[in-house]
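Structure record follows, encoded as structure tokens.
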Amino acid sequence: VTRSLLNEAGGENFSGKNLIRAEFTNATFRNTDFSNADLRGALFNGIFLDGANLHGIDFSSGIAYISKFKNVDLSDAILADTNMLRSTFDNVDVTDADFTDALLDNQQVKKLCKNASGTNSKTGVDTRESLGCR
């Protein structure tokens, strides 16, 4: 069963929601609250997240394709085994995030490593180590 959520959301609240395998396609989310949502296996395709709160999300085994993360809080997020190729990250807080085996473009990893720090509260994984920061 595939759920497709299409909208031009502004300030919507998906906080703590079960969004397992949800599909978000060609949408803009400004200042949207996804904090602590269960996004395992979800798909972000052509999504623009501007000022969104993704603190504590579980986006493991998810896909973010050609998506833009700008001024986003990804702190304490789990992004293990997530495919984020061709997505961009600008002014993103990845403190305590777990990127174990995630796929990101090298240029984006370098950007994220500049401010990466901490350890994920749920997995115990070091953020810099999971990103492969040097």
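Read-outs throughout are calculated quantities, based only on the coordinates presented, and are distinct from any laboratory measurement. Every value quoted in this text rests on a predicted model; they were computed, and no experiment measured them. As a convention, Cβ positions derive from the backbone with ideal geometry for all residues, glycine included, and neighbour counts pool all protein chains shown.
In nm, what is the difference between 0.36 nm times the number of residues separating LYS70 and GLN107 and their Cα-Cα distance? Display every interim value, and only then the final one.
Working: separation 37, 0.36 × 37 = 13.32 nm, distance 1.54 nm.
Taking LYS70 through GLN107 to full extension adds about 11.8 nm, to one decimal.
So, by mean Cβ neighbours within 10 angstrom, what's the order for 35-46, 20-31, 114-125, 94-105 with the highest one leading? Working shown, then result.
Numbers: 35-46: 20.2, 20-31: 17.0, 114-125: 14.7, 94-105: 21.8.
So the order, starting with the most tightly packed, is 94-105, 35-46, 20-31, 114-125.
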- Message: Between ASN13 and THR28, what is the label-point separation in nm under the 7 Å Cα-to-beta-carbon projection?
- Response: 2.4
- With only alpha-carbon atoms counted, please give the Rg and Dmax of the chain, in Å. 13.2, 41
- Query: Which of the lysines could a cross-linker span from LYS17 if the Cα-Cα distance has to be under 28 Å and same-chain partners fewer than 8 positions apart are dropped?
  - Reply: LYS68, LYS70, LYS122
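Per the helix-only calculation at 222 nm, which mean residue ellipticity applies to the chain, given -39500 (n - 2.57) for every DSSP H run of n ≥ 4 and division by its residues, nearest 500 deg cm²/dmol?
Working: 2 runs with 13 residues, N = 134.
Theoretical 222 nm ellipticity from helices: -2500 deg cm²/dmol.
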